[in-house]
Amino acid sequence: MQVEGSGDGEVLFYSHLDKQPEFTGWSEGKGPWVPVREDPWLYGRGSVDDGYGGYCSLISLMALQRQGIAHPNCTFLLETCEESGSFDLPFYLNHLREDLGTPDLVVVLDSGLGDYQRVWVTESLRGLVGGTLTVAVTSEGVHSGMSSGIIPSSFRITRQLLSRLEDENSGEIIPDWLHIDISDQLRADSAAIVEVLGEALVTDFPFLEGVCPQHEDLVEALLAQNWKPTLSVTGADGLPAIANAGNVLRTHTTLKLSVRIPPGVDAEMASAKLKNLLESNPPLGAHVTFHAEAAANGFAAPEMPEKIAAALSDASVKTFGDSSMPFYEGGTIPFLAMMQESYPEARFLVTGCAGPGNNAHGPDEKLHIPTVKSLTGCVAAALASMSNE
């Protein structure tokens, strides 16, 4: 959808309409497909990821039009494959290149924020590589009492392979090709964010009593969350449910791996090297295969034009009560790296409503209604600033 402007500039708005699966564990009276409003929250699947994005974009533009304030030409791109990895998006970006024009500013409303007291402008997101790792040792299950000690455990070999990638004691990722250099400036900027967020950086997560965060130092925790690689095992096959598990040495173990990579690490390179790392020289001749999934690069935003940054900060004070802050996002938005590659001169306004407790992707996903209202005003102010001298 395109809206002709009355002022200077070209803006491309991006958000996505697709949603994560239902998941289990929703609170009583709430569910993924029935919206429930309990102020200040709106519960439901896709409420904060990313159902509000298109509405926020359009209403910010309508607010300017109703007040007779000039705004740039605006194009709206709403994706329906983001949660599946955006594998069709490159085709459509190329196919719609003339319609998308040459944006001066790309506005993406699908990001997080550190608190609900200000606008948080995302300056970085991590990339993503991953896939399924399978270790197979036998053609059929065998009595564990008769075979263990002779046939190697596929689970143990899987653990050995993961230790090539991750130090199981510290959680640090081992290969240097998955890391970037952390500059003194980045550490200083991270310290400024920690100064605002404080202990909430870690305490906003639902730790069980007695469980400690991976890093005691909050600056190190912020860097690990956003600028360093991490491994998450997000699924498993070949393991029966406990109720169905007998004394059988299993034929294979399959794990789904998700490796977040910092901005600046080439995702395709990392995916190829990850496959080689896991498949080469398999212990005890086990049959090891790693099927890589689509890889996505991370994103580091170019500097925001001064007048847009100033307008955002001023609007943040007026609508939220505090000036805007930079934000780092540990997740991945493949669209951003694609757009940055296609439009190297464009600037980016990446922000959103996914603050503490939003629980996107999980049960009780919810949108903070006052935040999306204030954010709409801030986006409008950014648009208006493009036509102001």
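Annotations
- J(HN,Hα) series, the range 322-334, from Karplus relation 6.51 cos²θ - 1.76 cosθ + 1.60, nearest Hz, glycine and proline x: 9, 6, 5, 9, x, 9, 10, 10, x, x, 9, 10, x
- Counting only alpha carbon atoms, the long axis of helix 154-165 and the longest principal axis of the chain meet at about 50°.
- Loop GluC sites (Glu not before Pro), the range 1-46 (other Cβ atoms within 10 Å of the site Cβ: 15 or fewer; DSSP): Glu4, Glu22, Glu28
- Taking Cα atoms only, the orientation of helix 306-319 departs from the longest principal axis of the chain by about 90 degrees.
- Translational D in µm²/s for the range 102-174 (Stokes-Einstein at 10 °C, 1.306 mPa s, Kirkwood Rh from C-alpha pairs): 90 µm²/s
- Counting only DSSP beta bridges whose two residues both lie in the chain, roughly 60 percent are antiparallel.
- Global size of the range 191-288 as Cα Rg and Dmax, reported in angstrom: 18.8, 54
- Prolate/oblate/rounded call for the range 1-150, Cα gyration tensor, a/c under 1.5 rounded: prolate
- Net charge, Asn297 excluded, C-beta distance under 10 Å - Lys, Arg +1, Asp, Glu -1: -2
- Seen through its C-alpha gyration tensor, with square-root eigenvalues sorted a ≥ b ≥ c, the range 239-319 comes out oblate because a/c lies at 1.5 or above while a/b is not bigger than b/c.
- Build a GNM of the chain with springs between Cα atoms under 10 Å apart, and of Ala200, Ala360, Ala241 the one that fluctuates most is Ala241.
- Sum of -39500 (n - 2.57) over DSSP H runs of 4+, divided by residues of the chain (222 nm, nearest 500): -9000 deg cm²/dmol
- Among [x] 1.01; [y] 1.05; [z] 0.97, the entry that matches Rg/Rh (Cα atoms, Kirkwood Rh) as calculated here: [x]
- The value for the range 136-206 of Rg(Cα) / (2.2 N^0.38 Å) is 1.92.
- Per residue, the average separation of C-alpha pairs within less than 8 Å and at least 6 apart gives the chain a relative contact order of 33 percent.
- Its residue count N fixes a reference of 2.2 N^0.38 Å for the range 310-389, and the Cα radius of gyration divided by that reference is 1.26.
- Amide hydrogen proximity for Gly352: with H placed 1.01 Å from N in the peptide plane, the residues at 5 or more positions away or on another chain lying under 5 Å are Ser111, Trp120.
Bear in mind that the values in this text are calculations on the coordinates, not laboratory data. Values in this document were obtained by computation on a predicted structure and should not be read as measured data. No Cβ is skipped: glycine too gets one built from the backbone with ideal geometry, and neighbour counts run over all protein chains shown.
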